[in-house]
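Heads up: the structure comes next, in C-alpha cells.
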C-alpha cells in the first residue's frame, strides 16, 4: 500500500458523484427553462397591458437566470470530473514511484513522514529520485486543482448573485411582477381572465371564502365567493356570488389581500393552482396534483391527496401535505411542515423550522436556522443544513446529516452515513394501547405523527410511558380501565382563525375516559411547533392520571399569572403542565419550585428544553 507523501488520501469517487449531481442540476435548469418558456409564450399571446409588460420583463430575466444557472452547473460538473481524472492520474504516478522504493528499509516519523535507510549509492539515488518525483507530481496536481477551484469560486459568486435576485421571490417575500389591479385605486377586484388553457380567478382585497366545486353533469368548475368581516366579535358574511367557469381548463385562484379561506373539492383529482396573497390565508386542496403558494402572511395549507407542490412563502406557515408524494417548501419564517403519507421532500428554508416526515421514505432538509427534523415512520434522510439542528429518526433506518453547527441526533440506532456531533440513543415504545384518536383520517394521521415524535423523544416517551402504565393499572380486576381519547378542537364559527387546545378529566360519569381536544395547526406557539402544545395537554392528563392536578388559582410570586380583574384565573395546574415553579409545600415563605410530583421532563418546558426551543417563562 502506498505510504507517506506518495498517498494523496484523496477520494475521486466523491468528485465523480459531485460532478454527476451538478450535471443533473444543469439538466433540471434546462428542463425548467423550457417549460417556463413555453408557458410564458402562451400567457403573452393573449395578455396585454402594464401587468403583461411587467411579467414579460421578469420572464426574460428569469430565463436568462436559468440559462446562467445551467451553464454554471455544467462548468462546475466539468471541473469536478476533470479534477477526479487529475487525482487518479497523479495517484497512479505516485504508486509507480512508490513501487521503486517500497523494498527499502524505512522508519516513520510524525505526520506520516518516512526516512529511508540506504546501504549503496544506487539505493540512495533511487530514494532521492522517488522523493523528487513525488514532490513534482504533487506540485503539478496542486496547480491543476487550483485552476479547477477557480471555476468553483466563480460559480459561488454567480450562485450568490442568483440567490440575491430570486431568493426573495422564491420565499414569497417579493412579488415577481406587477400583478393586475382594479381601475384607478390600486386595489384588487374579483374577476376572471381566460388565458389559453387556463382560467385565472382573482379574489378581492378583503376577507373572502372561496369554495370550488365541480358540476358532475357538465364538468364546469363552480367558484362560490362570500366576503366576511368581524363586527362586535361576530362574523358577518355577504350573500354568496357564484361563477361558472369552463370545464377542461386549468383553474388558477389568486386569493388577493385579506384573510382568505380557499377550499378545493376533496372528491376531485383535477389539479389546481392557488396563490394566497399577502394576508393570513387558509387553503385546503383536493385530490389532484395541486400547486399551492401561500406567499405573504402566516398561512395554513392542507394539501389533500395527490403529488402536490406547496410553498409557504414569507411568514410563519403551517403546511400539511397529507397524502401523496409531495414537495413542500417553507420559505422565510418559522414554519411547520408535515409530509405524512407518501415519500415526501420537505425543505424548511430560512428560520427556525419544524419538519415531520410521517409515513413513507422522506427527505427532510432543514435549511438555514436551528431546525427540528422528525423522520416518522419509514427509511428517511434528515439533513439539518445550517444551524444547530435536532433530528429525531423515529421508526425505520434513518440517515441523519447534521450540516454546519452543533447538531444532535436522537434515534433508536445510528445508521451508516450519519454525521451529527451529538448522538442520543432511545428505545422506541410499542404502540399505545390506551390512547385512541378520533376524527377524520387526516386528523388521525396528523396526531399519529405527533405521537410518534413524542415516542422517539426522551421527554415525550417518559410522559407516554407513565400514562400507559397508569391506565393499565386502573380499574378493578382488569375491568373499567381508564383511557385517553384525542379529538380535534374546532374553532368557533365567529372566530374562523381561532386557536386553542384543551384537556379534561374523565371521571366515572365520563366512562373514565380523559379527553384532549387538539388543534394540530397551532404553529409557532411562543416559538414552538404544534407537538409542544400536545405535550402540554398530555401533561394535564399526567396530573389527572397520577392524582397530582391542582385546580386552585395560582397566587404565587409570578405576577404575570396571578389573578387580574377581567381575566380568567390561571390555575396551578396550568403551571404544572407548563413546567413552571409553584408553591409546592403550602408555605409562601419558601421559594417556589417545579412540582416534585410532576417532573420537568413530562412538561411542556421539558420538551422545549430538549428541542432547543425557548422555554415558557409564564403561562400568560
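The values are calculated or read from the model by the stated rules, or taken from the named source; none is laboratory data. This is a predicted model, so every value here is computed, not measured. Because the Cβ atoms are built from the backbone with ideal geometry, glycine has one as well, and the counts that use them run over all protein chains shown.
Only one entry of 343, 362, 379 meets the criterion of being surrounded by fewer than 21 Cβ atoms within 10 Å (Cβ to Cβ), over 10 Å from the mean Cα position of the chain (by Cα), farther than 15 Å from residue 418 by Cβ and not assigned by TED's automatic domain parsing to the domain that holds residue 531, and that entry is 343. The listed residues are 331, 312, 304, 324, and the only one of them that is touching a helix residue (DSSP H, G or I) at 6+ places or on another chain (Cβ under 6 Å) and closer than 18 Å to residue 356 by Cβ turns out to be 331.
Of everything in the stretch 83-130 that is surrounded by 15 or more Cβ atoms within 10 Å (Cβ to Cβ) and in a loop (DSSP other than H, G, I, E, B), the residue that is nearest to the chain's Cα centre (by Cα) is 101. Exactly one residue out of 305, 324, 288, 256 is more than 23 Å from residue 440 (Cα to Cα) and in a loop (DSSP other than H, G, I, E, B), and it is 256.
Sort through 265, 216 and tell me the only one that's at pLDDT 90 or above and surrounded by fewer than 19 Cβ atoms within 10 Å (Cβ to Cβ).
Working: 265 fails: surrounded by fewer than 19 Cβ atoms within 10 Å (Cβ to Cβ).
Exactly one residue qualifies, and that residue is 216.
Restricting attention to the stretch 332-390, the residues being in contact (Cβ under 8 Å) with a residue 40 or more places away in the chain, under 15 Å from residue 613 (Cβ atoms) and in a loop (DSSP other than H, G, I, E, B) number 5.
The condition of being assigned by TED's automatic domain parsing to the domain that holds residue 390, more than 25 Å from residue 384 (Cα to Cα) and in contact (Cβ under 8 Å) with a residue 40 or more places away in the chain holds for only one of 288, 277, 294, that being 277.
Taking the listed residues 477, 484, 519, 538, the one that is closer than 30 Å to residue 408 by Cα and over 23 Å from the mean Cα position of the chain (by Cα) is 538, with no other qualifying.
Here is a yes/no grid of residues against (1) in the same structural domain as residue 130 (by TED's automatic domain parsing); (2) modelled with pLDDT of 90 or more; (3) within 23 Å of residue 164 (Cα to Cα); (4) part of a loop (DSSP other than H, G, I, E, B):
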site: 8; (1), (2), (3), (4): yes, yes, no, yes
site: 22; (1), (2), (3), (4): yes, yes, yes, no
site: 26; (1), (2), (3), (4): yes, yes, yes, no
site: 30; (1), (2), (3), (4): yes, yes, yes, no
site: 41; (1), (2), (3), (4): yes, no, no, no
site: 52; (1), (2), (3), (4): yes, no, no, no
site: 59; (1), (2), (3), (4): yes, no, yes, no
site: 70; (1), (2), (3), (4): yes, yes, yes, no
site: 75; (1), (2), (3), (4): yes, yes, yes, no
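State yes or no: is residue 577 in the same structural domain as residue 466 (by TED's automatic domain parsing), modelled with pLDDT under 95, in a helix (DSSP H, G or I) and within 30 Å of residue 483 (Cα to Cα)? Criteria not met by residue 577. For the stretch 403-417, the criterion of a residue being crowded, with 19+ Cβ neighbours inside 10 Å, on the phi > 0 side of the Ramachandran plot and either assigned to a loop (DSSP other than H, G, I, E, B) or touching a strand residue (DSSP E or B) at 6+ places or on another chain (Cβ under 6 Å) (or both) is satisfied by at least one position. Residues that are over 27 Å from the mean Cα position of the chain (by Cα) and crowded, with 18+ Cβ neighbours inside 10 Å within the stretch 585-620 comprise 594, 595, 598, 619, listed in sequence order.
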